[in-house]
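These notes are about the structure you will find just below.
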Amino acid sequence: QVQLVESGGGLAQAGGSLRLSCAASGTIFGMSVMSWYRQAPGKQREFVAAVATGGITDYASSVKGRFTISRDNAKNTVYLQMGSLNPEDTAVYYCRVVIRAADHWGQGTQVTVSS
């Protein structure tokens with residue numbers, strides 16, 4: 001079993017920042033890519049950012065330059081530092097981890113940005 005525990009969501013003002021965390025535990029041998037997705041009300045879930053085991057990162061164009069993804073392999077944790085937030089960033093943010101080619105998702109954490 002794999003457990004993904006997300007934290008750090010909440011309410012922020014436009015221009016502000018938040019930091020999300022996602023800690024993986026359980027049968028996580030072979031964990032590779034760790035990433036974040038988000039889903040806004042009435043919209044499909046979309047990719048936000050990803051980080052590979054070696055630290056190579058990828059970002060959606062909508063967050064590039066504002067968000068930073070990182071991981072601590074010793075803690076099996078992935079982080080998403082979000083800055084210059086705007087109301088369009090309001091969504092439920094989900095952590096996704098690939099373990100031996102299988103997808104695992106967190107329960108989601110709400111991020112709300114007020115104007």
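The values are calculated or read from the model by the stated rules, or taken from the named source; none is laboratory data. As the structure is a prediction and not an experimental result, all values here were calculated from the model. Here Cβ is always computed from backbone atoms with ideal geometry, including for glycine, and neighbour counts include all displayed protein chains. Side chains are part of the model used for accessible areas, which takes the heavy atoms of the whole protein and leaves out ligands, DNA and RNA. Shrake-Rupley method; radii C 1.70, N 1.55, O 1.52, S 1.80 Å.
Below is a table of values for the structure above.
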{"item": "Distance cut-off 19 Å, percentage of C-alpha pairs in the chain lying past it", "result": "40"}
{"item": "Carbon plus sulfur fraction of accessible area for the chain, probe 1.4 Å, in percent", "result": "51"}
{"item": "1.4 Å probe accessible area per residue over the chain, in Å²", "result": "51"}
{"item": "Estimated inter-spin distance, R66 and A14, nm [label 7 Å along Cα→Cβ]", "result": "1.1"}
{"item": "Point-charge dipole on Cβ atoms (K/R +1, D/E -1) for the range 17-115, about Cα centre, debye to 20", "result": "80"}
